[in-house]
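Participant: Quick one: the structure is below, and I'll ask about it shortly.
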Amino acid sequence: MTPSAVSTETARHVPPAAPAPEHASATGATPVPCPSSTAEREDLSRLRVVPARHPGRAVLAVAVGLVVAAVAYSFVTNPRWEWGVVAQWFLAESILRGLLETLKLTALSGVLGFSLGLVLALMRLSPSGLISGVSWTFSWIFRSTPLLVQLLLWYNLGYLYERITLGIPLTDVTLLDARTSTLMTPMLAAILGLGLHQAAYAAELIRGGILSVDHGQLEAASALGIPARDRSLRIVMPQAMRAILPTAFNEIIGLVKGTSIVYVLAHAELFFTVQLIYGRTQQVLPMLLVATLWYVVITSLLSIGQYYIERHYAKGAVRNLPPTPLQSLRTRLTRHRSAPKGALA
């Protein structure tokens, strides 16, 4: 038998190949079987998605909830908190005057601190060794000295300099000539102490925010002929603000609470006013709670403002802005109303 005859005989006994299913993958992967009847499709449609269970998370949530409930119960039922006294003094005229002084100190010291901090940050980035060195020395001194010491030094400046005189050098023109003890009031000493102390920290956080911007963007803007002012205000600062804002608001919140240390100068801010009241009434804990609640209110409002300002400066960094708390609440309510009965969220 010839080879061609053997090949022909073998080919007669090879069974024909089964036709490939229509839904087979072109890459040779094993095809996934599909339901071939209407009954099977109906069975699949009745299946429901069950979320993954997290028993550990549920146990932890219950434990935390019990602790929070116990603390809240203690606050409400312990008569020594004297919530009636807290309600009596919370909106008292003297407390509101002290609160106004606290806000005034925060605003003036914050403006002074961040304005001077911006100047010091730009000085620190200067190629001039003298200008950069002066900025570094300022930050070094004021960050190395306790705030309480700075406040007392400013308030007792009259011991070092009896009079303060300002004028035009080499002329007889005098712009200011006054006794230091008369000029350096507790309010002015507090603003200088808080503001200059804040400037030292603000300079470093602003400098860090500026350095966080890629230098290649400045080079590209310079190659396009964009003026230096526009490069700084429209390219660098909007991006640097995203790095500056979180730390800056932390500093402002710290400044609000730091105003309480001004009581050493006998300035009638919130904490000093509270001290005067409980020194007369001996109701220490309720009055401290009054001050605490007002500090919580101020810092909470600042935190809300921080959220919206950060959201504004996030426009160039994210494709879709994060929803506001009100928008998130509306979305959840809409989903809850539109969800079918018996379905799991």
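The values are calculated or read from the model by the stated rules, or taken from the named source; none is laboratory data. This is a predicted model, so every value here is computed, not measured. Here the Cβ positions follow ideal geometry from the backbone for every residue, glycine too, while neighbour counts run over all protein chains shown. With ligands, DNA and RNA removed, areas are computed over all heavy atoms of the protein, side chains included. Shrake-Rupley method; radii C 1.70, N 1.55, O 1.52, S 1.80 Å.
Participant: Can you list the helices (runs of 4 or more DSSP H) lying wholly within the stretch 120-197 that have 1 or more residues being under 28 Å from the mean Cα position of the chain (by Cα) and either at pLDDT 90 or above or not small (Gly, Ala, Ser) (or both)?
Facilitator: Numbers: elements: 129-144, 147-155, 157-160, 180-183.
The qualifying helices (runs of 4 or more DSSP H) are 129-144, 147-155.
Participant: Looking at (1) surrounded by 19 or more Cβ atoms within 10 Å (Cβ to Cβ); (2) farther than 24 Å from Leu276 by Cβ, which is the one condition that is false for Ser144?
Facilitator: Here Ser144 clears every test but (1).
Participant: In the stretch 97-127, how many residues are β-branched (Val, Ile, Thr), more than 18 Å from Ser300 (Cα to Cα) and open to solvent by less than 70 Å² (accessible area, probe 1.4 Å)?
Facilitator: Qualifying residue count, the stretch 97-127: 0.
Participant: Then there is this: Is it the case that Thr180 is more than 16 Å from His197 (Cβ to Cβ), touching a Leu at 6+ places or on another chain (Cβ under 6 Å) and open to solvent by less than 80 Å² (accessible area, probe 1.4 Å)? So that I can check it myself, show each step before the final result.
Facilitator: Working: more than 16 Å from His197 (Cβ to Cβ): yes; touching a Leu at 6+ places or on another chain (Cβ under 6 Å): yes; open to solvent by less than 80 Å² (accessible area, probe 1.4 Å): yes.
Here the answer is yes, as Thr180 does meet what is asked.
Participant: As an exercise: evaluate Leu205 against (1) within 23 Å of Ser260 (Cα to Cα); (2) modelled with pLDDT of 90 or more; (3) among the aliphatic types (A, V, I, L, M) and give the number of the one condition it does not meet.
Facilitator: (1)
Participant: Ala314 fails exactly one of the following numbered conditions: (1) closer than 27 Å to Ile191 by Cα; (2) touching a residue at least 60 places away in the same chain (Cβ under 8 Å); (3) under 26 Å from the mean Cα position of the chain (by Cα); (4) open to solvent by less than 50 Å² (accessible area, probe 1.4 Å). What is the number of that condition?
Facilitator: All conditions pass for Ala314, except number (1).
Residues checked against (1) out of contact with any Gly (no Cβ under 8 Å at 6 or more places or on another chain); (2) open to solvent by 40 Å² or more (accessible area, probe 1.4 Å); (3) in contact (Cβ under 8 Å) with a residue 60 or more places away in the chain:
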| position | (1), (2), (3) |
| --- | --- |
| Gly129 | yes, yes, no |
| Ser139 | yes, no, yes |
| Val149 | yes, yes, no |
| Leu152 | yes, yes, yes |
| Leu157 | yes, no, no |
| Leu160 | yes, yes, no |
| Thr165 | yes, yes, no |
| Leu170 | yes, yes, no |
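Participant: Let me ask something else. Here are Ile298, Ile309, Ile304: which of them is open to solvent by less than 50 Å² (accessible area, probe 1.4 Å), among the hydrophobic types (A, V, I, L, M, F, W, C) and assigned to a helix (DSSP H, G or I)? Give the derivation first.
Facilitator: On the way: Ile309 fails: open to solvent by less than 50 Å² (accessible area, probe 1.4 Å); Ile304 fails: open to solvent by less than 50 Å² (accessible area, probe 1.4 Å).
Testing whether each residue is open to solvent by less than 50 Å² (accessible area, probe 1.4 Å), among the hydrophobic types (A, V, I, L, M, F, W, C) and assigned to a helix (DSSP H, G or I) leaves just Ile298.
Participant: Something else about it: Tell me, please, whether a residue that is over 15 Å from the mean Cα position of the chain (by Cα), over 23 Å from Ser115 (Cβ atoms) and among the basic types (Lys, Arg) can be found in the stretch 260-282.
Facilitator: yes
Participant: Considering each residue of the stretch 204-257, count those that are without any contact (Cβ under 8 Å) to a residue 12 or more places away in the chain, outside any helix (DSSP H, G or I) and among the small types (Gly, Ala, Ser), and give that number.
Facilitator: The number of residues fulfilling the criteria is 1.
Participant: Within the stretch 214-227, identify whether any single residue is under 22 Å from the mean Cα position of the chain (by Cα), within 20 Å of Ala314 (Cα to Cα) and either at pLDDT 85 or above or surrounded by 13 or more Cβ atoms within 10 Å (Cβ to Cβ) (or both), and answer yes or no. Walk me through how you get there before you give the answer.
Facilitator: Applying the first criterion (under 22 Å from the mean Cα position of the chain (by Cα)) to the stretch 214-227 yields none.
Checked against the condition, which is being under 22 Å from the mean Cα position of the chain (by Cα), within 20 Å of Ala314 (Cα to Cα) and either at pLDDT 85 or above or surrounded by 13 or more Cβ atoms within 10 Å (Cβ to Cβ) (or both), the stretch 214-227 yields no hits at all.
Participant: Report yes if Ile244 is farther than 30 Å from Glu82 by Cβ, out of contact with any strand residue (DSSP E or B) (no Cβ under 8 Å at 6 or more places or on another chain), surrounded by fewer than 17 Cβ atoms within 10 Å (Cβ to Cβ) and of a type in the set (Val, Ile, Thr), otherwise no.
Facilitator: Working: farther than 30 Å from Glu82 by Cβ: yes; out of contact with any strand residue (DSSP E or B) (no Cβ under 8 Å at 6 or more places or on another chain): yes; surrounded by fewer than 17 Cβ atoms within 10 Å (Cβ to Cβ): no; of a type in the set (Val, Ile, Thr): yes.
It is false that Ile244 is farther than 30 Å from Glu82 by Cβ, out of contact with any strand residue (DSSP E or B) (no Cβ under 8 Å at 6 or more places or on another chain), surrounded by fewer than 17 Cβ atoms within 10 Å (Cβ to Cβ) and of a type in the set (Val, Ile, Thr).
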